[in-house]
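What follows is a single structure, written as structure tokens, with notes after it.
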Amino acid sequence: MTKVFGGNDAWGVLMAATIGVPLYACGGGTIPLLQEWLMSGMSMGSAAAFMITGPATKITNLGALKIAMGWKRFLLYLAFVMSYSLVTGVVINII
């Protein structure tokens, strides 16, 4: 856990944000998972990135966004969520 998500590097934050997309669980359901990961060495920034991407990429929300916005804006939304979670995680790790 420490090798992948630990430390204060951007790689661990990016990996946590990326895993948060397909491994969606509701916000309350991720708390015990993150609690265990934090005790195993996950950085706070990686945990924050995971918590941002999970709810933001819930499959029902993504389906509605794609229908309402179209492909171009849908992909822009995904890029924004990933970049925002990466920046937020890195900033939290710096603080």
Considering only the range 42-92, state which residues are of a type in the set (A, V, I, L, M, F, W, C), part of a helix (DSSP H, G or I) and within 15 Å of Asp9 (Cβ to Cβ).
Met44, Ala47, Ala48, Ala49, Leu86, Val87, Val90, Val91, Ile92
Name the residue, out of Ile52, Ile95, Ile59, that is farther than 21 Å from Leu23 by Cβ and either under 11 Å from the mean Cα position of the chain (by Cα) or at pLDDT below 90 (or both).
Ile95
Counting just the residues of the range 59-93 that are of a type outside the set (S, T, N, Q) and touching a Gly at 6+ places or on another chain (Cβ under 8 Å), which one comes out surrounded by the fewest Cβ atoms within 10 Å (Cβ to Cβ)?
Val91
Could you please give the count of residues in the range 17-56 that are touching a Pro at 6+ places or on another chain (Cβ under 8 Å) and surrounded by 14 or more Cβ atoms within 10 Å (Cβ to Cβ)?
1
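The values are calculated or read from the model by the stated rules, or taken from the named source; none is laboratory data. Only a predicted model underlies this, so the values are computations on that prediction, with no experimental measurement involved. FYI the Cβ positions are ideal-geometry reconstructions off the backbone, even for glycines, and counts take in every protein chain you see.
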